[in-house]
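K.L.:
First the structure, then my questions, so here it is.
The values are calculated or read from the model by the stated rules, or taken from the named source; none is laboratory data. Values in this document were obtained by computation on a predicted structure and should not be read as measured data. When we count neighbours, we look across all protein chains shown, and the Cβ atoms used for this are built from the backbone with ideal geometry, even at glycine. Each accessible area value is taken on the protein alone, full model and side chains, heavy atoms only, with ligands, DNA and RNA left out. Shrake-Rupley method; radii C 1.70, N 1.55, O 1.52, S 1.80 Å.
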Amino acid sequence: NQALTELPPFVEKGGTLIIAGEYHRLFGPLLGIDEGQHAHRRKLDFEPAGIDSIGLVDPLERHLRFGISDEFSLMGTGWTQLASGAERLASYEDGKAAIVRHRTGLGQTYVFGFNVATILYRGQSGRDEWFARAYENAFEPTGDVFLRLLARIYTEGNPTAVTLGTVPQGKALAI
C-alpha cells in the first residue's frame, strides 16, 4: 500500500499524522503504540499533557463519559506499552492509553483509540444519552473537547494553517 511507504517519511520530515479507528494496526511503530486491546469503554480522562495541549479549564472537560454500561458504551482500543517519544494524552477507566502523541523525527503522530466521528454524530443528532451526565439543560463538553483538540493539532502541525469563521466573534466553541 502506498500509504504504508509514504507516511513514515512524511512524518519524519515534519508532517503531522492523525489516525483514528482501526487504521492504527497498520502503523503501530510509527504511532509509538503496541497492538492494543479493543473493548467497551465508558470513561476517558485527560492526562496533564492532554489538559495542557488543549487548554482544558473546566473539570467536566477533563473527565468525559463514553457510556453507562457495556451495552451502552463506545468501543475503543487502549494501549499499555508506548514507545520512547510517545506521550499519553488521555486514558480510559482501565488505565490504558486512549489518545497518544508520538514525536518522531521532525514531525508527530496522534492516534485516537476510538472513532471521533461517532462521538460528534451522537452529540449532533441528540443521541448522546450515553455520554450526557444530565437529562437536559446541562453543559456536556464531550464533542467540543474533541473538536478543539483536532483544531489545535491542525494549527500546531501546519505553520500555514487557516481556520475561517469557526465560531462567531472568536467565542469559545460550543456545539
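K.L.:
Taking the stated definitions as given, is Val11 without any contact (Cβ under 8 Å) to a residue 40 or more places away in the chain and either in contact with a Cys (Cβ under 6 Å, 6 or more places away or on another chain) or of a type in the set (Val, Ile, Thr) (or both)?
P.N.:
Spelling it out, it is not the case that Val11 is without any contact (Cβ under 8 Å) to a residue 40 or more places away in the chain and either in contact with a Cys (Cβ under 6 Å, 6 or more places away or on another chain) or of a type in the set (Val, Ile, Thr) (or both).
K.L.:
I need the full set of residues from the range 50-72 which are acidic (Asp, Glu) and open to solvent by 70 Å² or more (accessible area, probe 1.4 Å), in order please.
P.N.:
Result: Asp52, Asp70, Glu71.
K.L.:
Let me ask you something else. I need the full set of residues from the range 55-110 which are of a type in the set (A, V, I, L, M, F, W, C), touching a residue at least 60 places away in the same chain (Cβ under 8 Å), under 19 Å from Arg122 (Cα atoms) and in a loop (DSSP other than H, G, I, E, B), in order please.
P.N.:
Residues satisfying the conditions are Phe66, Ile68.
K.L.:
If we scan the range 126-137, do we find a residue that is closer than 26 Å to His38 by Cα, surrounded by 11 or more Cβ atoms within 10 Å (Cβ to Cβ), modelled with pLDDT of 80 or more and not charged (D, E, K, R)?
P.N.:
No, because not a single residue in the range 126-137 is closer than 26 Å to His38 by Cα, surrounded by 11 or more Cβ atoms within 10 Å (Cβ to Cβ), modelled with pLDDT of 80 or more and not charged (D, E, K, R).
K.L.:
Please go through the range 37-53 and give me each residue that is farther than 22 Å from Val145 by Cβ and within 16 Å of the chain's Cα centre (by Cα), ordered by number.
P.N.:
Correct list: His38 only.
K.L.:
Is it the case that Ile18 is in contact (Cβ under 8 Å) with a residue 60 or more places away in the chain, farther than 17 Å from Glu156 by Cβ and under 16 Å from the mean Cα position of the chain (by Cα)?
P.N.:
no
K.L.:
Right, here's the next one. Is it true that some residue in the range 54-75 is in contact with a helix residue (DSSP H, G or I) (Cβ under 6 Å, 6 or more places away or on another chain) and closer than 20 Å to Arg103 by Cβ?
P.N.:
For the range 54-75, residues in contact with a helix residue (DSSP H, G or I) (Cβ under 6 Å, 6 or more places away or on another chain) and closer than 20 Å to Arg103 by Cβ: present.
K.L.:
If you go through the range 92-109 one residue at a time, how many are out of contact with any Leu (no Cβ under 7 Å at 6 or more places or on another chain) and within 21 Å of Arg42 (Cα to Cα)?
P.N.:
Adding up the residues that qualify gives 4.
K.L.:
Checking the conditions here, which among Ala97, Ala117, Ala86 is at pLDDT 90 or above, open to solvent by 10 Å² or more (accessible area, probe 1.4 Å), of a type in the set (A, V, I, L, M) and under 17 Å from the mean Cα position of the chain (by Cα)?
P.N.:
The match here is Ala86.
K.L.:
Going through the range 37-54 one residue at a time, which ones are touching a strand residue (DSSP E or B) at 6+ places or on another chain (Cβ under 7 Å) and assigned to a helix (DSSP H, G or I)?
P.N.:
Listed by number, the residues that qualify are Ala49, Gly50, Ser53.
K.L.:
In this structure, does Val111 turn out to be surrounded by fewer than 19 Cβ atoms within 10 Å (Cβ to Cβ), closer than 19 Å to Arg152 by Cβ and not acidic (Asp, Glu)?
P.N.:
In short, no.
K.L.:
Quick one: in the range 150-165, which of the residues that are part of a loop (DSSP other than H, G, I, E, B) and among the hydroxyl-bearing types (Ser, Thr, Tyr) is nearest to Ala90 (Cα to Cα)?
P.N.:
So the residue we want is Thr163.
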